[in-house]
1. Tell me the helices (runs of 4 or more DSSP H) entirely within segment 44-133 that contain at least 1 residues that are open to solvent by 60 Å² or more (accessible area, probe 1.4 Å), more than 30 Å from M1 (Cα to Cα) and modelled with pLDDT of 95 or more.
2. Would you check if there is a residue in segment 118-132 being within 12 Å of the ligand (Cβ to nearest atom) and either within 15 Å of D21 (Cβ to Cβ) or β-branched (V, I, T) (or both)?
3. Could you grab me the full set of residues in segment 22-32 that are in a helix (DSSP H, G or I) and either of a type in the set (D, E, K, R) or surrounded by 13 or more Cβ atoms within 10 Å (Cβ to Cβ) (or both)?
4. Scan segment 63-72 and tell me whether some residue there is within 15 Å of the ligand (Cβ to nearest atom) and free of Cβ contacts under 8 Å to residues at least 24 places away in the same chain.
Amino acid sequence: MMEKTLSIIKPDGVSRNLMGDVIGRLEKEGLKIGAIKMIRMNKAQAKGFYKVHEGKPFFESVTDFMSSGPCVVMILEGENVIFRYRELMGATNFKDAAEGTIRRDFATDIEKNVVHGSDSPENADIEINYFFNALEIP
Ligand code: GDP
């Protein structure tokens with residue numbers, strides 16, 4: 001199924017100069033980047049993005065982190081891209097992530113895990129529209 005997904009290189013990935021490594025892995029895997037830009041969320045915008053996690057013990061911390069510096073946001077397109085990109089990212093906790101995944105190779109912490117990817121078509125649509133306007137969405 002042709003899908004779109006929202007990918008983020010989180011502030012740790014940008015500040016540690018891992019943009020090229022992450023984008024290189026996407027390209028090598030044949031995932032098409034349909035849109036890309038650098039943004040910086042304020043605290044309220046980070047809370048809006050991670051609204052589903054409101055009330056969880058890590059909510060304050062993860063929204064502080066996501067608003068701590070610039071992120072790269074991308075729309076990836078292709079067959080089954082939501083699952084394929086989640087596979088490439090690896091598990092949320094890098095300690096559980098499979099060998100060769102982005103998180104296993106680059107994450108330093110359960111929170112500072114370098115990348116985000118939508119987990120369903122419904123969330124991909126919501127997240128893409130959170131960051132991109134109609135002129136930018138392929
Ligand atoms: P993802 O879809 O794999 O990114 O995972 P989730 O949607 O469950 O969590 C969103 C983000 O919150 C993760 O990528 C982490 O940055 C952070 N996070 C998740 N679980 C924890 C946790 O137990 N502790 C902390 N500090 N951060 C967490």
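The values are calculated or read from the model by the stated rules, or taken from the named source; none is laboratory data. Every value quoted in this text rests on a predicted model; they were computed, and no experiment measured them. Using ideal geometry, Cβ is built from the backbone for each residue, glycine included, and neighbour counts are taken over all protein chains shown. Surface areas here come from the heavy atoms of the whole protein model, side chains and all, with no ligands, DNA or RNA. Shrake-Rupley method; radii C 1.70, N 1.55, O 1.52, S 1.80 Å.
1. 59-66
2. no
3. Residues satisfying the conditions are V22, I23, R25, L26, E27, K28.
4. Yes: one or more hits.
Quick grid of which residues meet (1) surrounded by fewer than 20 Cβ atoms within 10 Å (Cβ to Cβ); (2) under 14 Å from the mean Cα position of the chain (by Cα); (3) under 16 Å from N129 (Cβ atoms):
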{"residue": "M2", "(1), (2), (3)": "yes, no, no"}
{"residue": "I9", "(1), (2), (3)": "no, yes, no"}
{"residue": "G34", "(1), (2), (3)": "yes, no, yes"}
{"residue": "K37", "(1), (2), (3)": "yes, yes, yes"}
